[in-house]
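Enquirer: Sharing a structure, written as structure tokens. Questions coming.
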Amino acid sequence: MDLSERNGTGKSLKDFIAERNASSNVQKTAAFVYYLQNILNIEEITIDHIFTCYKSMGFRMPNNLQQNLTDTSSSRYGYISRKDGKYTMTVVGANYVEFDMNKED
């Protein structure tokens, strides 16, 4: 999965992340899941997809990626949900990425 290219979607991961102001790993993970689900239309997002996003962007990997995914899906944030090891955006997460993570904020 090469995320540096536009892949016919009109937007690379790098372009998408550049439009966001994600500073924490929870915010980055939420943005990655949003991109994979809503831009690339991947239906079964796994921890491997998230790992690839971090590597593709050249971001420092969370010390415990599984814990990062747990935190991002926790009641504190609720940006993603997990079922059978697959991750999807929640309404809360989609609203956060679309409206609260704008670069201008």
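The values are calculated or read from the model by the stated rules, or taken from the named source; none is laboratory data. Small disclaimer: the values here were computed from a predicted structure and weren't measured. Cβ coordinates were reconstructed from backbone atoms using ideal geometry, including for glycine residues, and neighbour counts include every protein chain displayed. Ligands, DNA and RNA are stripped out before the accessible areas are found, and what is left, the full protein with its side chains, is counted by its heavy atoms. Shrake-Rupley method; radii C 1.70, N 1.55, O 1.52, S 1.80 Å.
Enquirer: In segment 38-89, which residues are touching a helix residue (DSSP H, G or I) at 6+ places or on another chain (Cβ under 7 Å) and acidic (D, E)?
Expert: Listed by number, the list holds a single entry, D71.
Enquirer: While we're here: List every residue pair whose Cβ atoms lie under 7 Å apart, where the two residues are 6 or more positions apart in sequence or sit on different chains, the first residue falls within segment 74-94 and is at pLDDT 95 or above, and the second residue, located anywhere, is among the acidic types (D, E).
Expert: Y77/D71; K86/E44
Enquirer: May I ask you to list pairs of residues, at least six apart or on different chains, whose Cβ atoms are under 7 Å apart, with the first in segment 52-64 being under 10 Å from K28 (Cβ atoms) and the second being of a type in the set (K, R) and modelled with pLDDT of 95 or more?
Expert: Here the result reads F59/K28, each pair linking segment 52-64 to a residue that is of a type in the set (K, R) and modelled with pLDDT of 95 or more.
Enquirer: Taking only segment 27-58 into account, find how many residues are open to solvent by 20 Å² or more (accessible area, probe 1.4 Å), assigned to a helix (DSSP H, G or I) and under 14 Å from S73 (Cα atoms).
Expert: Residues flagged as open to solvent by 20 Å² or more (accessible area, probe 1.4 Å), assigned to a helix (DSSP H, G or I) and under 14 Å from S73 (Cα atoms) within segment 27-58 amount to 4.
Enquirer: Related question: What are the pairs with Cβ atoms under 9 angstrom where one residue, in segment 19-42, is of a type in the set (K, R) and the other, located anywhere, is outside any helix (DSSP H, G or I)? Sequence gap at least six, or different chains.
Expert: R20/M101; R20/N102; R20/K103; K28/R20; K28/A22; K28/F59; K28/P62
Enquirer: Can I ask one more? Mind checking which residues of segment 65-100 are outside any helix (DSSP H, G or I), under 14 Å from S24 (Cα atoms) and within 12 Å of the chain's Cα centre (by Cα)?
Expert: The answer is Y79, and nothing else.
Enquirer: So which residues in segment 72-99 are open to solvent by 60 Å² or more (accessible area, probe 1.4 Å) and either touching a strand residue (DSSP E or B) at 6+ places or on another chain (Cβ under 7 Å) or of a type in the set (D, E) (or both), if there are any at all?
Expert: Correct list: D84, K86, E98.
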